[in-house]
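The structure appears below as structure tokens.
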Amino acid sequence: YIHESAYVDSPCRIGQNTKILHFSHVMANSIIGNHCHIGHNVTISSGVLIGNHVKVMNNATLNSGVILQDDIYCGPSTIFTDITHIRGKSHSISQIRPTLIKQGAHIGANTTLAAGLSIGLYTFIEAGSVIDRNIPDFAIVCGNPLKIDGWRCACGTELSFKQLKASCSNCGNHY
């Protein structure tokens, strides 16, 4: 489903059962997987790759170089920057660095992510955070300046480490 007010430039690929809501713009050479939800007023720039079962909520901006693996949640007004050294001249396009968001990550509303980073598996980023460095798998992060505030299992349960080991009280996974 693509709302009549959305712009989808070609060529791009949009998977089955994906919804793109009103006033969104998907630019050429983007790929969006199956069973995705693109909220209203979302901008997806050229060269963005989105996996399956991804939700990109209202007013988000995904600039060139963003790669979202499967099962990602991108909260409202999430901003992905596209270059690391911004200058007003057009030659800056060659400075775009890929930003990888790994499977199962949750990005809270109003989060800003600098270009060229890797966000770990099942990471949970609290709303309003500024992400300026790589984030390890299963971390709960928040704030500006950014800090690790805990760890969460793939099932969503918070983990408590003892002697560098943890077991999930809900699903039994070991870390």
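A few points about this structure:
- Solvent-accessible surface of the chain, taken per residue with a 1.4 Å probe and all protein chains present: 52 Å².
- Packing around the peptides 36-42, 9-15, taken as the average count of other Cβ atoms within 10 Å per residue, puts them in this order, highest first: 36-42, 9-15.
- Candidate lysines - alpha carbon under 18 Å from Lys147, same-chain residues fewer than 8 apart omitted: none
- Restriction of the chymotrypsin sites (Phe, Trp or Tyr not before Pro) in the range 1-59 to DSSP coil positions whose beta-carbon has at most 12 other beta-carbons within 10 angstrom yields Tyr1.
- In order along the range 156-165, phi translates into HN-Hα couplings of x, 7, 5, 9, 10, 8, 10, 6, 6, 10 Hz, rounded to whole numbers, per the Karplus curve 6.51 cos²θ - 1.76 cosθ + 1.60 with θ = phi - 60° and x for Gly and Pro.
- What a 1.4 Å probe finds exposed on the range 13-84 is 50% carbon and sulfur by accessible area, rounded to a whole percent.
- D by Stokes-Einstein for the range 1-42, Kirkwood Rh over Cα pairs, 25 °C, 0.890 mPa s: 247 µm²/s.
- Within the range 37-70, backbone nitrogen closer than 14 Å to the virtual label 7 Å beyond the Cα of Lys19 toward Cβ: 37-41, 53-58
- Only Lys, Arg (+1) and Asp, Glu (-1) charged, at Cβ; the chain dipole about Cα centre in debye: 320
- Size descriptor, Kirkwood hydrodynamic radius, that averages inverse alpha-carbon separations across the chain, Å: 16.6
- The chain, relative contact order [Cα under 8 Å, separation at least 6], %: 11
- Hits among lysines - C-alpha to C-alpha of Lys19 under 19 Å, sequence gap 8 or more where chains match: Lys55
- By the rule of a second cysteine Cβ within less than 4.7 angstrom, the chain holds isolated cysteines at Cys12, Cys36, Cys74, Cys142.
The values are calculated or read from the model by the stated rules, or taken from the named source; none is laboratory data. Treat the numbers as computed from the prediction; the structure is a model and nothing was measured. So basically every Cβ, Gly included, is an ideal-geometry build from the backbone, and we count neighbours across all protein chains shown. Note: accessible area is taken over every heavy atom of the protein model, side chains too, but ligands, DNA and RNA are not part of it. Shrake-Rupley method; radii C 1.70, N 1.55, O 1.52, S 1.80 Å.
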